[in-house]
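K.L.:
I'd like to ask you about the structure that follows.
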Amino acid sequence: MTASGVPEGSIPVLDHGFVRLDDAMASDLSVVNAARVSFARRKEEIEPEDEGLIGFLLRNRHGTPFEHNSFRFHVRCPIFVMREWIRHRWSSFNEFSMRYSQASGDFYVPAAEDVRQQVGKPGVYFFEAVEPELAQRARTEIETTNEAAYATYRRLIEAGVARELARTVLPVAAYTEFFWTVNARSLMNFLSLRNAETAQREIRRYAEAIESLFAERMPLTHAAFVAAGRTPP
């Protein structure tokens with residue numbers, strides 16, 4: 001654990017968040033062996049032709065060999081980011097509980113360059129930066145609201161109100177933590193949607209960190225995923 005409270009080996013994300021690969025049972029070789037079991041064949045190491053096999057599986061959307069690879073991530077993010085994350089249901093979550101533990105007091109405040117305005121109609125809109133004065137005003141108002149909400153939360157707890165009720169005053173900018181276990185096929189689906197231009201900027205920052213860890217652990221599979229136009233198998 002670092003001095004900032006961030007676990008060793010984590011990738012910092014946003015102002016108080018991180019992503020960490022807690023454990024994994026994942027390799028390109030396991031994809032190859034899962035595919036070749038149909039022919040009662042098994043390898044002990046990756047060979048040059050296996051890169052082609054992995055690419056074939058991805059391009060033709062033969063997805064099950066990728067399901068035999070599992071990643072467990074430790075994530076700290078704002079609640080509104082997690083609300084988007086848990087829509088990916090083919091995975092498992094265990095979240096920090098504000099029923100049993102006190103909220104940390106950390107809240108997301110966007111950097112000035114991340115304060116943006118929405119332009120256009122629903123479904124076809126895009127985002128533009130705002131004037132520096134408005135960006136600073138927005139940051140100040142968000143921070144003031146967060147601080148006021150947390151002060152109310154602390155007063156309620158100190159007065160004897162149960163944490164499970166006191167937490168209801170906290171905004172979705174409050175940080176939460178969770179463990180996320182996902183197989184490589186579902187992970188690629190997550191990345192195709194959340195590390196994309198159309199994704200909300202904040203969750204995309206997390207998806208970028210997740211993708212870097214995926215690419216490090218399964219480089220051939222990741223390369224094939226990119227070559228296939230980032231379409232999951």
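The values are calculated or read from the model by the stated rules, or taken from the named source; none is laboratory data. Here the structure is a predicted model, which means the values were calculated and not measured. Positions of Cβ are backbone-derived with ideal geometry, glycine not excepted, and every protein chain shown enters the neighbour counts.
K.L.:
Does the range 196-222 hold any residues that are part of a helix (DSSP H, G or I) and either assigned by TED's automatic domain parsing to the domain that holds residue 124 or free of Cβ contacts under 8 Å to residues at least 60 places away in the same chain (or both), and which are they?
P.N.:
Those that are part of a helix (DSSP H, G or I) and either assigned by TED's automatic domain parsing to the domain that holds residue 124 or free of Cβ contacts under 8 Å to residues at least 60 places away in the same chain (or both): 204, 207, 208, 211, 215, 216, 222.
K.L.:
Inspect all residues belonging to the range 139-154 and state whether any of them is surrounded by 14 or more Cβ atoms within 10 Å (Cβ to Cβ), of a type in the set (A, V, I, L, M, F, W, C) and out of contact with any helix residue (DSSP H, G or I) (no Cβ under 6 Å at 6 or more places or on another chain).
P.N.:
The answer is yes, given that some residue of the range 139-154 is surrounded by 14 or more Cβ atoms within 10 Å (Cβ to Cβ), of a type in the set (A, V, I, L, M, F, W, C) and out of contact with any helix residue (DSSP H, G or I) (no Cβ under 6 Å at 6 or more places or on another chain).
K.L.:
Also, I was wondering about something else. Give the residue that is farthest from residue 149 (Cα to Cα), with candidates limited to residues of the range 106-137 that are under 21 Å from the mean Cα position of the chain (by Cα), of a type in the set (A, V, I, L, M) and surrounded by 13 or more Cβ atoms within 10 Å (Cβ to Cβ).
P.N.:
115
K.L.:
Considering only residues that are within 16 Å of residue 14 (Cα to Cα) and outside any strand (DSSP E or B), which ones fall in the range 105-130?
P.N.:
Matches in the range 105-130: 105, 106, 108, 109, 110, 111, 112, 113, 114, 115.
K.L.:
A further question on this structure: Looking at (1) touching a Phe, Trp or Tyr at 6+ places or on another chain (Cβ under 6 Å); (2) surrounded by fewer than 18 Cβ atoms within 10 Å (Cβ to Cβ); (3) among the aromatic types (Phe, Trp, Tyr), find the lone condition where residue 73 falls short.
P.N.:
Just one mismatch for residue 73, condition (2).
K.L.:
In the range 161-199, what residues are among the polar types (S, T, N, Q) and either modelled with pLDDT of 95 or more or surrounded by 17 or more Cβ atoms within 10 Å (Cβ to Cβ) (or both)?
P.N.:
The answer is 168, 176, 181, 183, 186, 189, 192, 195.
K.L.:
Looking at (1) within 30 Å of residue 38 (Cβ to Cβ); (2) part of a loop (DSSP other than H, G, I, E, B), can you tell me which one residue 67 breaks?
P.N.:
Status for residue 67: all satisfied but (2).
The rows are residues; the columns are (1) assigned by TED's automatic domain parsing to the domain that holds residue 167; (2) surrounded by 14 or more Cβ atoms within 10 Å (Cβ to Cβ); (3) within 19 Å of residue 6 (Cα to Cα); (4) in contact with a Pro (Cβ under 6 Å, 6 or more places away or on another chain).
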position: 21; (1), (2), (3), (4): no, yes, yes, no
position: 32; (1), (2), (3), (4): no, yes, no, no
position: 39; (1), (2), (3), (4): no, no, no, no
position: 86; (1), (2), (3), (4): no, no, no, no
